[in-house]
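Okay, so here's the structure we're looking at.
No lab work stands behind these numbers, since they all come straight from the coordinates. Computed from a predicted model, the values in this text were never measured in an experiment. Ideal geometry is used to build each Cβ from the backbone, glycine not excepted, and the neighbour counts take in all protein chains shown.
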Amino acid sequence: MDSLDNASTSVASGDTWNVRGDSFGLAATTYEQSRPSYPSDAVRWLLGDRGLTVVELGAGTGLLTRALIAAGHTVTAVEPDDSMRAQMTETTPQAEILAGGAESIPVDDASADAVVVGHAYHWFDPEPAHAEIARVIRPGGTFGTFWNLRDEDVPWSAELTKILADEDTGTGAEGSSAIMLHGALDVLRGRREGAEWLMSPTFGDRFTAIERNFFPNEVEHTPKSLLELIRSRSYYLTSDNAKKEEIDRQVRELTSSHPELRGRETFKLRYVTVAFRSQARERP
Ligand SMILES: C[S@@+](CC[C@H](N)C(=O)[O-])C[C@H]1O[C@@H](n2cnc3c(N)ncnc32)[C@H](O)[C@@H]1O
């Protein structure tokens, strides 16, 4: 038993998408320590070089918030989960931190140069979220989202994906959750068709057509921190204890036996940071 076993509390027997979206606070500390940040050139591509007033939605423990602040932006971080916000208060005191969700954003009309989201847009209810985001961005301002996707071209990372094979439950090819499908990077890289929303992504008619870009990213892990990373995922957090034990066993086996990992104290987990950007249209 290690200390992380205390986080293995099941929240629901029905593994619904909404339950998964609400589950992150169960492992806020683990989340902060094991999840990837966002590359500075991705932040620059989205927001440019001038310091902006930015509202970040689904800010979690502040991983993207800190990258935005380091790039010179003034950030209001909005997050619905109490435990994630508590963690962010510790790690990211430079941000204004507010309780709220994308569907009801606690900031004034046209008060932001940009609204930014890191690895959370797929949890939003798109219609009300788009209306709210358009309300708070000044016309012509930027709306952008990032996702950090594991690069499954790395053989051991592809093996990790097989362990998490059931994780796609609740995702759908037609909506933004498609980005969480295993193989989403292959679709984005143009290697295969499928995942409707990824083939022609949209933020609705209040926004201009989406441009996208890709940035390499990586995190150094130990066998223990890789297990922590898997334990911070919504799929894991909402699985029953038998499933959690089985995932733990398989991840431990992967790090102790895969030729690229066996005997290594540290190794790099490669990601691709996928960035989508768009502008808020002038209001009629
Ligand atoms: C995978 S975490 C991403 C956190 C952080 N942005 C990052 O990049 O590490 C997803 C976050 O979205 C939040 N979330 C879920 N549903 C949301 C909603 N409807 N509006 C805003 N945030 C939401 C969760 O509480 C969680 O903190």
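Seen from all directions on average, region 29-98 presents a Cα convex hull projection of 4.2 nm². In µm²/s, what is D for region 194-260 at 37 °C and 0.692 mPa s, where D = kT/(6 pi eta Rh) by Stokes-Einstein and Rh is the Kirkwood radius from Cα pairs? It comes out at roughly 212 µm²/s. Using equal-weight Cα scatterers in the Debye expression, the normalised intensity of the chain in log10 at q = 0.08 Å⁻¹ is -0.32.
Assuming a strict under-16 Å limit between Cα atoms, what lysine pair count do you get for the chain once near-sequence pairs (fewer than 8 apart, same chain) are dropped?
So the count works out to 4.
Bridges between two residues of the chain, per DSSP, are antiparallel at a rate of about 55%. Report note on the peptides 146-158, 252-264: ranked by the mean count of other C-beta atoms within 10 Å, highest first, their order is 146-158, 252-264.
Across the chain, the mean sequence separation of Cα contacts (distance under 8 Å, 6 or more residues apart), normalised by length, yields a relative contact order of 25 percent.
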